[in-house]
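Single-structure report; data block below.
Bear in mind that the values in this text are calculations on the coordinates, not laboratory data. Source: prediction; values computed, not measured. Neighbour counts run over all protein chains shown; Cβ positions are idealised from the backbone, glycine included.
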């Protein structure tokens, strides 16, 4: 009996010691080491690729945001605030009313519509979106043709949260943004050029513009001019 109790006690002691050692290694040392390496070598990415403006976090460069006017009584869908560059259409994007303080995301839905290319609703939505892009971005001295509208201006991404648009779509918006903010078109075009990222490693992907970063720079430019 005594031998059985002693053996059990030794086994329990060994198990508890193993539990303690593994808890310290796997639950304390390893997480601290990984966190330290991440913070030291990849600080921005480890913290969510945050974008700051005026000392405040306004969003992440990985998640798109919408730029809409406040919802009016009776409206189901807010109208876009045309003084800002607009992202791809998506019901999954959060909202940023002033491109300065990201108060909250109204909703986060990641996913595509899953509608087929010949779906009547999808076709109607694309036609309506194209007409809106033509109307919204045409100014007194610059007329947008339907053939000028790039595909991503009227379709959402697979995730519904794409933060980027093509340089072509950004450039299409420059005349409208310049007019709404009292800026020269060339000044806004230069801003787009400065915030256009090339292909990864020179050959992967396509050139792209992060809409949040571009709008933060636009806000700062307007504030400096004011």
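Data table
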| item | result |
| --- | --- |
| Paramagnetic reach from residue 76 in the range 121-137 [backbone N under 14 Å; point 7 Å along Cα→Cβ] | 125 |
| Prolate/oblate/rounded call for the range 51-225, Cα gyration tensor, a/c under 1.5 rounded | rounded |
| Estimated [θ] at 222 nm from DSSP helical runs (n ≥ 4, -39500 (n - 2.57)) normalised by residues in the chain, nearest 500 | -13000 deg cm²/dmol |
| In degrees, nearest ten, helix 185-194 long axis to first principal axis of the chain (Cα) | 20 degrees |
| Protection proxy ranking, peptides 80-86, 216-222, 42-48, average beta carbon neighbours within 10 Å, highest first | 80-86, 216-222, 42-48 |
| Using alpha-carbon coordinates, inclination of helix 211-225 to the longest axis of the chain, degrees | 60 degrees |
| Potential extension, residue 14-residue 220 segment - 0.36 nm per residue separation minus Cα distance | 67.9 nm |
| Difference of contour (0.36 nm per residue) and Cα-Cα distance, residue 62 to residue 22 | 10.9 nm |
| Separation in nanometres of the label points that stand 7 Å from Cα toward Cβ, at residue 139 and residue 187 | 1.1 nm |
| Centre separation in Å (Cα based) which lies between the range 15-33 and the range 143-216 | 49 Å |
| Rel. contact order, % - alpha carbon contacts under 8 angstrom, at least six apart, the range 157-226 | 34 percent |
| Within a Gaussian network of the chain (alpha carbon springs, distance under 10 Å), most fluctuating of 32, 22, 11 | 11 |
| Fully extended contour minus Cα-Cα distance, from residue 147 to residue 194, at 0.36 nm per residue | 14.3 nm |
| Antiparallel DSSP beta bridges within the chain, percent to nearest 5 | 85 percent |
| Listed peptides 35-41, 175-181, 193-199, 66-72 by packing density, highest first (mean Cβ within 10 Å) | 175-181, 66-72, 193-199, 35-41 |
| The chain, relative contact order in percent, only Cα pairs under 8 angstrom and at least six apart counted | 18 percent |
